[in-house]
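**Q** Sharing a structure below in C-alpha cells format, with a few things to ask.
Laboratory data are not the source of any read-out in this text; all were calculated from the coordinates shown. This structure is a prediction, so every number in the text was calculated from the model and none was measured. Note that we place each Cβ from the backbone using ideal geometry, even for glycine, and neighbour counts take in every protein chain shown.
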Amino acid sequence: MNKYLIGLLFTLLVPVTLFGQAPEVKRERIFTGTGLYGFMNGGADQFLEYGVSKLVTRDVVYKGNEYTIDIYDMPTAEDAFGIYSLHIFKCSRADTLGCIDCLAPYQLQAVAGNKYVSVVFPSGSEDAKSKVDELIRLYVPLDSKENPRIPEALGLSTPYSGKLKLLRGPISISGVSMPLANLVKDISYSGIWYIADKPAKGYRALIEVTDGKEVGKLKNKVEASDILQSGDTYLLIKGHEKETEQDDHGGFGF
C-alpha cells in the first residue's frame, strides 16, 4: 500500500483507536495575517504583535459535549507562550499535560511547540471538563521537548503558567505595566520576561535587548539598587507599579 495512503489512514484512525470516538466538526474556519481582524473584535493587533501567521478555529462535538478549538500558528514556541501568558487567568490546574497549560472553569489553554491552543467548553460541565484533555491531544502533540525557552536568570521552576509573561512589543507591555512601557520606550528589545510581585506592588523584568549597547542605556535609566543581574544582552531589574484595579476575567482566560 502507498506509504502516503497509510499515513493518511493512520491520521484518521488514531483518534478513534485511542479514545473510541472522533470529534464531529460542525464548522471550521481559517484566518491568516490581517484576516484575523475579521474574526476578532479588537484583539487582532495583540496577536499580530507576536507574529501570528494562521488561526484554525473549529466548533466540534466530542462525546456529547460542545467545544470550540482555536489553534494559532506562531513564529516560535516563545511567541506562542507569550500570547498564551496574556490570556490565562486563575488556573485551577497548571502545566500538567507534559507542556505548558492552564485549565479554567470553561477553558483549557496550552502551548504546543509554536502553537497556542485554546479549547472552550461553554457548558462548563464536569463531563465536558473531564474530556477536554483527550480532545486537545487529538489536534496537537503535547511534548515537553518543544516547550519554550525560559531564561535561567529568572530562577523560576514549574509551573510557569500564572507566574510569568513574555511581552513582545508596546501593545502587550502597556497592557501589563505602564511604568515598564515608559522605561523601554526608546530601547531596542526582542522580548521582556515579566513576573508580577503583587504583595510588593512591583515586578521583576528580564529585558532582552537586540544590541549590547542597549544594556548601557537601560542601566542609565534604572536605579542601581533595582538592577538584579546583567549580561551582554539582557538586564534583570525590579520595578514598582502604580496601584490599579485588577481585572477579573471570570472563568475564561481572555
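**Q** As an exercise, take the mean of 1/r over every pair of distinct alpha carbons in segment 152-240, invert it, and state the Kirkwood radius in angstroms.
**A** Roughly 13.1 Å, rounded to one decimal.
**Q** Using modelled backbone amide H atoms (1.01 Å from N, in-plane), which distant-in-sequence or interchain residues come within less than 5 Å of residue 112's amide H?
**A** The answer is 117.
**Q** Going Cα to Cα from residue 221, which aspartates and glutamates come in below 19 Å? Please leave out same-chain ones fewer than 8 positions away.
**A** Within the straight-line limit of under 19 Å, residue 221 reaches these aspartates and glutamates: 186, 208, 211, 232, 241.
**Q** Give me a comma-separated list of calculated 3J(HN,Hα) values for segment 114-131, in order, Karplus coefficients 6.51, -1.76, 1.60 applied at θ = phi - 60°, integers in Hz, x for any Gly or Pro.
**A** Rounded to whole hertz, the list is 8, 10, 9, 10, 10, 10, 9, 10, x, 5, x, 6, 5, 5, 5, 5, 5, 9.
**Q** Would you order 52, 25 from fewest to most other beta-carbon atoms within 10 Å of each residue's own beta-carbon?
**A** Working: 52 22, 25 12.
Listing 52, 25 from fewest to most nearby Cβ atoms yields 25, 52.
**Q** Something else about it: With charges set only on the Cβ (+1 for Lys and Arg, -1 for Asp and Glu), what does the dipole of the chain come to about its Cα centre, in debye to the nearest 20?
**A** Its charge dipole is roughly 200 debye.
**Q** Using θ = phi - 60° and the Karplus curve 6.51 cos²θ - 1.76 cosθ + 1.60, what whole-Hz ³J(HN,Hα) does each residue of segment 205-216 get, with Gly and Pro shown as x?
**A** Listing the rounded values in order: 9, 9, 9, 9, 9, 8, 8, x, 5, 5, 4, x Hz.
**Q** Let me ask you something else. Treat the count of other C-beta atoms within 10 Å as a stand-in for reagent exposure and order 67, 139 from fewest to most.
**A** 139, 67
**Q** If you don't mind, there's one more thing I want to ask. Suppose each label sits 7 Å from its Cα in the direction of the beta carbon; what would the residue 56-residue 27 distance come out to in nanometres?
**A** 1.9 nm
**Q** If you don't mind, another one. Which of the lysines could be linked to residue 129 by a straight reach, that is with a Cα gap under 18 Å, when you skip same-chain ones fewer than 8 residues away?
**A** 63, 90
**Q** Using only Cα atoms, find the angle between the long axis of helix 77-87 and the longest principal axis of the chain, and express it within 0 to 90 degrees, rounded to the nearest 10.
**A** Around 90 degrees separate the two axes.
**Q** For segment 3-146, what are Rg and Dmax over the alpha carbons, in angstrom?
**A** Every Cα atom of segment 3-146 included, Rg and Dmax give 15.1, 45 Å.
**Q** How many angstrom separate the Cα center of segment 79-121 from the Cα center of segment 178-214?
**A** Here the answer is 23 Å between Cα centres.
**Q** If N is the number of residues in the chain, what value comes out of its Cα radius of gyration divided by 2.2 N^0.38 Å?
**A** 1.11
**Q** Report, in degrees rounded to the nearest 10, the 0 to 90 angle that the Cα long axis of helix 3-19 makes with the longest principal axis of the chain.
**A** 90 degrees
**Q** Enumerate the whole-percent occupancy of each 10 Å bin, from 0 to the last occupied one, for all C-alpha pair distances of segment 104-223.
**A** With 10 Å bins starting at 0, P(r) equals 11, 33, 31, 19, 6, 1.
**Q** With a ≥ b ≥ c the root eigenvalues of the C-alpha gyration tensor of segment 183-235, is it rounded (a/c under 1.5), prolate (a/b larger than b/c) or oblate?
**A** prolate
**Q** Amide H neighbours of residue 191 under 5 Å, counting only residues 5+ apart in sequence or on other chains, H built in-plane at 1.01 Å?
**A** Here 208 satisfy the definition.
**Q** Please turn the phi angles of segment 56-62 into ³J(HN,Hα) values with the Karplus equation 6.51 cos²θ - 1.76 cosθ + 1.60 (θ = phi - 60°), one per residue in order, whole Hz, x for glycine and proline.
**A** Computed from phi, the couplings for segment 56-62 are 10, 10, 10, 9, 10, 10, 9 Hz.
**Q** For the chain, what does the helix formula give at 222 nm: sum of -39500 (n - 2.57) over DSSP H segments with n ≥ 4, over the residue count, nearest 500 deg cm²/dmol?
**A** Values: 7 runs with 68 residues, N = 254.
Estimated from H runs of four or more residues: -8000 deg cm²/dmol.
**Q** Near residue 237, within a Cβ-to-Cβ distance under 10 Å, what is the net charge of the other residues, with Lys and Arg +1 and Asp and Glu -1?
**A** Residues near residue 237 contribute +2 overall.
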